[in-house]
Amino acid sequence: MAPVEGIPTVVAAADISKEEAVGPSLPALADDVAKKLVTQVKHYFSDANLNQDNYMRKAVEENDGWVTFSTLSRFNRLRQMMGLPENNKGRGNKGKSRPAPVPETHIKLLATTVKDGLVETDDVEVNDDATALKRKAPYVPSDAWFANTVHIKGLPYGKESADLIDTLTEYFNQFGVVKLLRLRRNPKTKAFKGNVLVEFESSEEAEDVAKSETLEFDGHKLEPALLPAYHDEKMEADEYIQPELRKPGASYPTFEEWCAAHGKQPPALPKDDKKAAAEKKTAEVEQVPGVLVRFSGVQGDIGFPALKEAFASVGDVKFVDYEKGESEGIVRFKEPVAAEVIEKNADGIKISENVVLTLSVVDGEAEKAFYERAQAASVNARSNKRQGGQNSGHRRSKRSRN
């Protein structure tokens with residue numbers, strides 16, 4: 001195999017003295033690779049990463065915050081830096097992915113490199129026996145990242161190099177301090193969509209980048225927009241909001257619920273997703289009495305965002321079933337508060353100066369029809385999923401790149 005730049009070399013046996021021959025020798029990392037490894041490990045424990053990384057957030061909440069080097073050594077970016085194959089390269093029985101084993105020498109290499117590379121001012125610390133590390137200060141969730149993030153379009157779809165995140169981070173660092181850079185992916189194929197989310201240290205830095213009309217990377221003209229503005233544009237167009245674009249604390253429908261509300265059939269899922277989809281299906285069609293309220297009187301330019309904002313002021317909204325251009329729809333609350341909402345808003349809910357929505361209960365046949373529609377959408381989704389699994393090698397579909 002051809003040598004790869006930055007991959008560590010293993011010390012040859014002939015170069016090991018007798019004194020060093022006790023126990024297995026550690027691989028050697030180039031200085032620049034060691035620095036990148038330490039920076040990457042510190043990043044995993046950073047506020048910016050923990051705001052988005054569910055796995056690490058759960059890890060720092062357990063075992064008094066200590067995360068073992070054995071656990072970290074399984075992360076693909078660290079594996080690559082240490083010259084190990086990525087986890088998704090190995091396959092077990094029936095095509096299921098299995099974690100590639102990590103030699104004890106490399107776990108010790110990771111621990112030694114991080115311990116030697118940390119300084120007193122860093123936000124993480126290593127335990128006495130160098131088997132784990134933790135944050136010095138507890139993680140406190142923050143929603144500031146949303147306003148500090150810029151959505152970038154314009155990179156080629158599906159073209160992703162191993163160092164893309166690093167080179168993009170270096171590029172955007174010239175405009176401000178980049179706290180986190182995320183690649184957006186097609187939820188079905190996991191292919192890079194050509195869009196990225198760049199979180200800066202301050203909203204001022206993010207605003208300056210969003211205003212730029214001259215951003216260009218590797219010959220591609222980039223289209224920046226503040227994430228809140230991009231989010232609102234998608235909401236105004238009544239599009240499904242992907243998880244990475246969602247406003248902290250806001251409530252959104254699942255993809256299946258959104259499809260049911262818009263009379264669409266969810267696309268088939270790949271075979272690997274069947275188990276996860278099967279586990280979700282019961283919750284997706286759960287019939288809860290007293291959560292549905294019909295509204296009527298929609299007119300003019302009133303759209304989905306205005307409707308959701310209005311109902312969010314009277315209850316915790318799960319989703320709004322409304323087709324643009326119609327005069328009425330149904331709102332589903334998370335809790336059975338329909339009767340209470342209708343009673344407290346007997347004179348309607350004012351949307352604008354000239355628009356007041358009239359509320360009514362959804363029960364009996366209307367409620368039954370609503371849940372039958374949701375159930376049918378779920379059944380269709382599972383049917384499409386099976387067909388997609390059988391024909392996925394022979395059929396292609398065109399999908400939006402945005």
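The values are calculated or read from the model by the stated rules, or taken from the named source; none is laboratory data. Only a predicted model underlies this, so the values are computations on that prediction, with no experimental measurement involved. All Cβ positions, glycine included, derive from the backbone under ideal geometry; neighbour counts span all protein chains shown.
See the values below:
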| read-out | value |
| --- | --- |
| Residues that are of a type in the set (Gly, Ala, Ser) and free of Cβ contacts under 8 Å to residues at least 40 places away in the same chain, drawn from region 180-198 | Ala191 |
| Single residue of region 137-164 satisfying the filter (surrounded by 16 or more Cβ atoms within 10 Å (Cβ to Cβ) and under 16 Å from the mean Cα position of the chain (by Cα)) that is nearest to Lys211 (Cα to Cα) | Val150 |
| Failed condition for Arg74, given (1) modelled with pLDDT under 95; (2) in a helix (DSSP H, G or I); (3) within 22 Å of the chain's Cα centre (by Cα) | (2) |
| 3 or more residues among the charged types (D, E, K, R): qualifying strands (runs of 3 or more DSSP E) within region 104-214 | 178-185 |
| The one condition in (1) in the same structural domain as Asp301 (by TED's automatic domain parsing); (2) modelled with pLDDT of 55 or more that Thr254 fails to fulfil | (1) |
| Per-region count, region 54-68, residues in a loop (DSSP other than H, G, I, E, B) and surrounded by 15 or more Cβ atoms within 10 Å (Cβ to Cβ) | 1 |
| From the options Phe192, Phe146, residue that is at pLDDT 95 or above, closer than 16 Å to Glu244 by Cβ and of a type in the set (Phe, Trp, Tyr) | Phe146 |
| Any hit, region 86-98, residues being assigned to a loop (DSSP other than H, G, I, E, B), modelled with pLDDT under 85, in contact with a Ser or Thr (Cβ under 9 Å, 6 or more places away or on another chain) and on the phi < 0 side of the Ramachandran plot | yes |
| Scan of region 22-48 for residues that are of a type in the set (S, T, N, Q) and either at pLDDT below 90 or in contact with an Asp or Glu (Cβ under 6 Å, 6 or more places away or on another chain) (or both), ordered by number | Ser25 |
| Filter result for Glu205 (under 29 Å from Tyr322 (Cα atoms) and surrounded by 14 or more Cβ atoms within 10 Å (Cβ to Cβ)) | no |
| Selection count, region 338-379, where residues are assigned to a loop (DSSP other than H, G, I, E, B) and at positive phi | 1 |
| Pair list, Cβ under 7 Å, 6 or more apart: region 116-141 residue at positive phi, other residue among the hydrophobic types (A, V, I, L, M, F, W, C) | Ala130/Ala111 |
| Candidates Phe192, Phe200, filtered to the one that is among the aromatic types (Phe, Trp, Tyr), within 15 Å of Ala144 (Cα to Cα) and not assigned by TED's automatic domain parsing to the domain that holds Asp53 | Phe200 |
